[in-house]
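Engineer: Mind looking over this structure? Questions follow.
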Amino acid sequence: MDRQLTLMAVHAHPDDEVLSTGGVLASASTEGIRTVLVTCTNGEQGDGPGGIKPGDPGHDEASVRALRLEELRESVALLGISDVELLGYNDSGMVGWAGNERPDAFANVPLDQAADRLAALMERYRPDVVVTYDENGNYGHPDHIQAHRITVAAIERTGIPAKFYHTAIPRAGMTELFQQLRETGADFGDFELPEDFGTPDELITTFVDVSPYVVRKRKALEAHASQGDNIFMLRMPEDAQQQMFGRECFIRQFSTVPVPEQEDDLFAGLR
């Protein structure tokens, strides 16, 4: 290639960039690949200072927004991401929350409007590889689903990316890890792993070893300190964190270049 390769990751909220793509973003940056993070919302439905929950007295969306965007800047610096684009939509909150009903929530923004903005970014950055969530947003979050929808629409409109991926969490590996942790007495608070959580392993096309970047991923996740109550992974033992953070998995949706059926590199066929 006689030009710089570009990876674009489309995420819903500040902190989403870390778990499923922090390693590939850090790795690509280290290799001199341009990395573009598109964050669709400002995360207003996250916890406020002191752990104040949405809907509780004292939860102020403006202060949460400012805090979460500052945390995002720190995370981005730790991962070495070269370009950040904020779409600035309002966080819709989890399924069933009052924020779902707001007309200005990201999940309720007209698809064409948001897709046009993302398409313009694709025209500007010309990404070779684009990554976002699957059609269920990986676990049903309204903003993740909307991020998927606008990404698919923007790709269809521009035809720019050579490769497109959904993030994936291997179901068997997660089930095994949580079983091991529970046997050691690990405390996950109120979190329960649903039986159908994650992606059936046979659907995953791309397993990327990001173990050299586990420390950077952990520090980037720690940068989102205001959401610490919700980031149970940081309470896991170090060996479990290494296991969880050391590999990132994807389902290839298409590739315009020849690739093997199973990949270990998002840029296979492009280098």
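The values are calculated or read from the model by the stated rules, or taken from the named source; none is laboratory data. Model, not experiment: these values are computed from the prediction. Here Cβ is always computed from backbone atoms with ideal geometry, including for glycine, and neighbour counts include all displayed protein chains. These accessible areas exclude ligands, DNA and RNA; they are computed on the full protein's heavy atoms, side chains included. Shrake-Rupley method; radii C 1.70, N 1.55, O 1.52, S 1.80 Å.
Engineer: Of all residues in region 149-176, count the ones that are under 18 Å from the mean Cα position of the chain (by Cα) and open to solvent by 30 Å² or more (accessible area, probe 1.4 Å).
Structural biologist: Residues flagged as under 18 Å from the mean Cα position of the chain (by Cα) and open to solvent by 30 Å² or more (accessible area, probe 1.4 Å) within region 149-176 amount to 4.
Engineer: On the given criteria, is Ala77 at pLDDT 95 or above, of a type in the set (A, V, I, L, M, F, W, C) and either buried (at least 20 other Cβ atoms within 10 Å of the Cβ) or within 30 Å of Gln243 (Cβ to Cβ) (or both)?
Structural biologist: Yes.
Engineer: Using the structure shown, decide if Gln146 is touching a residue at least 24 places away in the same chain (Cβ under 8 Å), out of contact with any Ser or Thr (no Cβ under 7 Å at 6 or more places or on another chain) and open to solvent by less than 50 Å² (accessible area, probe 1.4 Å).
Structural biologist: It is true that Gln146 is touching a residue at least 24 places away in the same chain (Cβ under 8 Å), out of contact with any Ser or Thr (no Cβ under 7 Å at 6 or more places or on another chain) and open to solvent by less than 50 Å² (accessible area, probe 1.4 Å).
Engineer: Still on this structure: Please go through region 44-66 and pick out each residue that is within 15 Å of Arg102 (Cβ to Cβ), in a loop (DSSP other than H, G, I, E, B) and among the acidic types (Asp, Glu).
Structural biologist: Matches in region 44-66: Glu44 only.
Engineer: Name every residue in region 1-43 that is in contact with a Lys or Arg (Cβ under 9 Å, 6 or more places away or on another chain), at pLDDT 95 or above and either assigned to a loop (DSSP other than H, G, I, E, B) or open to solvent by 10 Å² or more (accessible area, probe 1.4 Å) (or both), in order of residue number.
Structural biologist: Leu5, His13, Pro14, Asp15, Asn42, Gly43
Engineer: Restricted to region 225-254, and to residues that are of a type in the set (Asp, Glu) and part of a helix (DSSP H, G or I), which residue is farthest from Glu70 (Cα to Cα)?
Structural biologist: For region 225-254, the residue satisfying everything is Asp239.
Engineer: Then there is this: Please go through (1) out of contact with any helix residue (DSSP H, G or I) (no Cβ under 8 Å at 6 or more places or on another chain); (2) modelled with pLDDT under 85 for Leu177 and return the number of the only condition it doesn't satisfy.
Structural biologist: (1)
Engineer: Next question. Would you check if Ala268 is of a type outside the set (Val, Ile, Thr), open to solvent by less than 70 Å² (accessible area, probe 1.4 Å), outside any loop (DSSP other than H, G, I, E, B) and modelled with pLDDT of 80 or more?
Structural biologist: Spelling it out, it is not the case that Ala268 is of a type outside the set (Val, Ile, Thr), open to solvent by less than 70 Å² (accessible area, probe 1.4 Å), outside any loop (DSSP other than H, G, I, E, B) and modelled with pLDDT of 80 or more.
Engineer: Go through region 81-104 and count every residue that is of a type in the set (A, V, I, L, M), open to solvent by 80 Å² or more (accessible area, probe 1.4 Å) and closer than 19 Å to Gly48 by Cβ.
Structural biologist: Of the residues in region 81-104, 1 are of a type in the set (A, V, I, L, M), open to solvent by 80 Å² or more (accessible area, probe 1.4 Å) and closer than 19 Å to Gly48 by Cβ.
Residues checked against (1) within 30 Å of Arg68 (Cβ to Cβ); (2) free of Cβ contacts under 8 Å to residues at least 24 places away in the same chain; (3) surrounded by 14 or more Cβ atoms within 10 Å (Cβ to Cβ):
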residue	(1), (2), (3)
Gln180	no, no, yes
Thr184	no, no, no
Phe197	yes, no, yes
Thr206	yes, no, yes
Val210	yes, no, yes
Ala223	yes, no, yes
Thr256	no, no, no
Asp264	no, no, no
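Engineer: Can you tell me how many residues in region 116-141 are in a loop (DSSP other than H, G, I, E, B) and more than 19 Å from Thr35 (Cβ to Cβ)?
Structural biologist: Number of matching residues: 8.
Engineer: Answer yes or no as to whether Asp16 is in contact with a helix residue (DSSP H, G or I) (Cβ under 7 Å, 6 or more places away or on another chain), within 19 Å of Met233 (Cα to Cα) and acidic (Asp, Glu).
Structural biologist: Spelling it out, it is not the case that Asp16 is in contact with a helix residue (DSSP H, G or I) (Cβ under 7 Å, 6 or more places away or on another chain), within 19 Å of Met233 (Cα to Cα) and acidic (Asp, Glu).
Engineer: Follow-up. Select from region 226-254 the residues that are modelled with pLDDT of 90 or more, farther than 18 Å from Ala172 by Cβ and open to solvent by 40 Å² or more (accessible area, probe 1.4 Å) and list them in ascending order.
Structural biologist: Across region 226-254, the qualifying residues are Arg252, Gln253, Phe254.
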